[in-house]
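The values are calculated or read from the model by the stated rules, or taken from the named source; none is laboratory data. Since this is a predicted model, take the numbers as computed values, not measurements. As a convention, Cβ positions derive from the backbone with ideal geometry for all residues, glycine included, and neighbour counts pool all protein chains shown.
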Amino acid sequence: MTRAARIADSPLAAAQPEFDAAEALFREVLAARRRVLPGDHPDRAVSLNNLAVVLLDRREFLEASDLLREAIALQRRVLPPGHPNLAGSLVNLGAALVELRDYEQAEQVLREGVEIREQQLASAHPSTGVARLLLGLSMQGQGRFDEGTALVEEGSRVVLASGAPRQKRTALDRIVRAYESWNRDEAAVVYRTQLAELQAADTPP
């Protein structure tokens, strides 16, 4: 495997602040894998998902969703049911669809992603928490606020308790932006405060 491929397959790569460079690298690796790997090679799905994660960070949700649909279709063909890579792509697609306000479809893919995550990981794992809070947002977007709010609160508690700093910031930012878009400013206050505290803690004195 080339150095570029090793970097592209690292979950840390998408967390780098140089998003332009990261996106260019992921696009290069994906193009190379499309050229040299068979159509159903699972590494193609890895590259599709990696590029989509960068695009989610850049809030390019439509292109991210297209890449994730392609990745999921490939993963369903070549991976066993309930594979964790499939769960990751489903949750990422759910995140993109929530941002695109396609809440009904988001709920559908997130329910499958949550089910796999709960089977593969502990309920207190931050990746499970992320999936559950996104599912809650998809339900709130359809007007089911009581049920959805419970999932958002539960998922955010898990992420804040055990997630990485960037995972916490991303989760809180998504909740705040969703609540603000629904004019639920009172509900957003708690999460906005938590996000500000995290950002302040990350700022050098």
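Structure notes:
- Selection of the range 107-125 for residues being within 20 Å of ALA45 (Cα to Cα) and either in contact (Cβ under 8 Å) with a residue 40 or more places away in the chain or small (Gly, Ala, Ser) (or both) yields only GLY113.
- Contacts under 6 angstrom Cβ, first residue in the range 68-80 being farther than 20 Å from PHE26 by Cβ, partner part of a helix (DSSP H, G or I), 6 or more apart: VAL78/PRO42; LEU79/LEU86
- Some residue of the range 104-126 being among the basic types (Lys, Arg), assigned to a helix (DSSP H, G or I) and at pLDDT 95 or above: yes
- Residue within the range 95-110 that is polar (S, T, N, Q) and either out of contact with any helix residue (DSSP H, G or I) (no Cβ under 8 Å at 6 or more places or on another chain) or closer than 27 Å to GLY39 by Cβ (or both) present: yes
- When PRO42 is tested against (1) buried (at least 21 other Cβ atoms within 10 Å of the Cβ); (2) touching a Leu at 6+ places or on another chain (Cβ under 9 Å); (3) not assigned by TED's automatic domain parsing to the domain that holds ILE175, exactly one condition is not met: (1).
- Consider the range 7-21 and keep the residues that are within 18 Å of PRO165 (Cβ to Cβ) and crowded, with 16+ Cβ neighbours inside 10 Å. The one that is modelled with the lowest pLDDT is ALA14.
- Only one of the numbered conditions (1) surrounded by fewer than 18 Cβ atoms within 10 Å (Cβ to Cβ); (2) within 16 Å of the chain's Cα centre (by Cα); (3) within 17 Å of ALA131 (Cα to Cα) is not met by ARG59, and that is (3).
- Looking at ARG192, ARG184, ARG177, just one residue is surrounded by fewer than 19 Cβ atoms within 10 Å (Cβ to Cβ), basic (Lys, Arg), out of contact with any strand residue (DSSP E or B) (no Cβ under 8 Å at 6 or more places or on another chain) and closer than 27 Å to GLY88 by Cβ, and that residue is ARG177.
- Only listed residue being touching a Gly at 6+ places or on another chain (Cβ under 7 Å), closer than 24 Å to PHE61 by Cα and in a helix (DSSP H, G or I), chosen from LEU97, LEU133: LEU133
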